[in-house]
Amino acid sequence: MRKILVIGYVWPEPNSSAAGYQMLAILRAYRQQGWQVAFATPAQKTDHMVDLANEGISSHEIRLNSDCFDDYIKLYQPDILHFDRFMMEEQFGWRVDLHCPNALKILDTVDLQFLRGARHEAHKANRALNQQDLVSDLSKREIAAILRCDLSLIISAYEMDLLINQFKIDSSLLHHLPFLVDFTALPSTIKTYEERQHFMTIGNFRHAPNWDAVLYLQSIWPLIRQQLPQAELHIYGSYPPPKATALNNPKTGFLIKGWAEHAYAVMESARVCLAPLRFGAGLKGKFIRCDDGANAECDHVDWC
C-alpha cells in the first residue's frame, strides 16, 4: 500500500475553522483512494481536534529543529509528502529531500499567507492594496516553497490567477482545489425565514481577519440596534480570548457565544450572517456557495 505523510501546521479541527474542515476532507479523500495515511504535526493537542484513529489515520507528534523527525521519516518512507502551509515545508522539506528524495511533495497553501499579510498592511494603513505590498519577504518565502514542491493546492481562482499571471508560476505546478463539501452531511431541510431570529457571525478568534471583524461589528452594532431594538448578534468562534469575552453585553444584544459544536445549527437559526471581513485571503467557509454538486466556491473570491 502506498503511503502519504501529511505534516500539519495544527491538528485538524473541522468544527473550529473552514481550514480544519478542508484538512479532514483531504485526509478522508486520501483514505478513500486506498492510501495509508499518517498525520504528523509539531502543534500541541487541543480539545477540539478530530480523533484521527477513528478515521483510520495514524498520528505522530514531531518537533521543530529535531533529528527525531529524520528517524521517523526514514522508518515510514512515504511516497507522498503533503505540507499544510508553506511554513511546514520550510521546516521539514529539506529533511524530506535528504531521506526521501523520490517522494512527491505537495504543498497545501490553505490561503496565500503573503496575500493576506499584504491586505492586512494596506488595511492598517487605511489605503488600497498596491503591487508593492505583494513584494515582501513573506511572498518570497511562500513562492520559494511553491517552487520547491511538485504541486501546490490553491483554494481560490483569484489566487490561481495571481500566481500564474503576476508571479509567473508555471500552471503545471498548481492545482485549483476549492472546498471539498460533504453534501451528505448537509441538512435536507432548513428552517424558514420566519422560524429564524437574530443576527450571527462565526469564525476562529485566533484568525486575525475574524477578530478584526468582531471589532468592526462592535462599532456598527449600535446603528443596527437603533433600527431593530430587540435584535441580538450571536458571535461564535473557537478560542475566544479574554479581550473578546469582555465584549459580551446582554443589554445591547452583543453576545459572545464562543465555540459552536454544530456550525450548521447556529447558522440556520439566524436570519442574517454578518461577516464584515476587511482583509484576508483564500475562501471563507461562512460564504460557501455550492452549485450543482460541484466543489464549493465563494461568492466574493476577489477579496475574501
How high is the relative contact order of the chain, given as a whole-number percent (alpha carbon pairs under 8 Å, six or more residues apart)? 16
Give me a comma-separated list of calculated 3J(HN,Hα) values for the stretch 88-97, in order, Karplus coefficients 6.51, -1.76, 1.60 applied at θ = phi - 60°, integers in Hz, x for any Gly or Pro. 6, 5, 4, 6, 10, x, 5, 6, 5, 4
Excluding residues on the same chain fewer than 8 positions from Lys74, give the aspartates and glutamates whose Cα lies under 12 Å from its Cα. Asp97
Sort the stretch 119-235 into rounded, prolate or oblate with this rule: let a ≥ b ≥ c be the square roots of the eigenvalues of the Cα gyration tensor; rounded if a/c is under 1.5, and if a/c is not under 1.5, prolate when a/b is larger than b/c, oblate otherwise. oblate
So what is the 222 nm mean residue ellipticity for the chain from helices alone, if each DSSP H run of at least 4 adds -39500 (n - 2.57) and you divide by all residues, rounding to the nearest 500 deg cm²/dmol? -10000 deg cm²/dmol
Hey, what D do you get for the stretch 1-119 in µm²/s if you plug the Kirkwood alpha-carbon radius into Stokes-Einstein at 20 °C and 1.002 mPa s? 147
From the Cα centre of the stretch 1-47 to that of the stretch 124-168, the distance in Å is 24
HN-Hα J couplings of the stretch 222-231 from phi, Karplus 6.51/-1.76/1.60, θ = phi - 60°, integer Hz, Gly and Pro as x? x, 5, 5, 5, 4, 8, 10, x, 9, 6
Would you list which lysines come within 19 Å of Lys257, measuring only between C-alpha atoms, while excluding same-chain residues fewer than 8 positions from it? Lys243, Lys286
5 angstrom amide H check on His60, placed H, neighbours 5+ away: Phe39, Ala40, Thr41
Placing +1 on the Cβ of each Lys and Arg and -1 on the Cβ of each Asp and Glu in the chain, which of Leu138, Val266, Leu104 has its Cα farthest towards the positive end of the resulting dipole? Val266
For the chain, which whole-number percentage of the solvent-accessible area (1.4 Å probe, protein heavy atoms only) is attributable to carbon and sulfur atoms? 51
Would you mind classifying the chain by shape? Square roots of the alpha carbon gyration tensor eigenvalues, ordered a ≥ b ≥ c; an a/c under 1.5 is rounded, otherwise it is prolate if a/b is larger than b/c and oblate if not. prolate
Could you please state, rounded to a whole Å, how far the C-alpha centre of the stretch 208-258 is from the C-alpha centre of the stretch 66-85? 43
Burial-style ranking of 52-61, 144-153, average other-beta-carbon count within 10 Å with highest first, yields 144-153, 52-61
Amide H of Asn249 versus every other amide H placed in the peptide plane: which residues, excluding those fewer than 5 positions away on the same chain, fall under 5 Å? Phe254, Leu255, Ile256
Report, ordered by chain and residue number, the lysines lying within cross-link reach of Lys140, taken as a straight Cα distance under 20 Å and ignoring same-chain residues fewer than 8 apart. Lys105, Lys168
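The values are calculated or read from the model by the stated rules, or taken from the named source; none is laboratory data. A quick note: this is a predicted structure, and the numbers were derived from the prediction, not measured. Note that each Cβ is placed from the backbone with ideal geometry, even for glycine, and that neighbours are counted across all protein chains shown. Side chains are part of the model used for accessible areas, which takes the heavy atoms of the whole protein and leaves out ligands, DNA and RNA. Shrake-Rupley method; radii C 1.70, N 1.55, O 1.52, S 1.80 Å.
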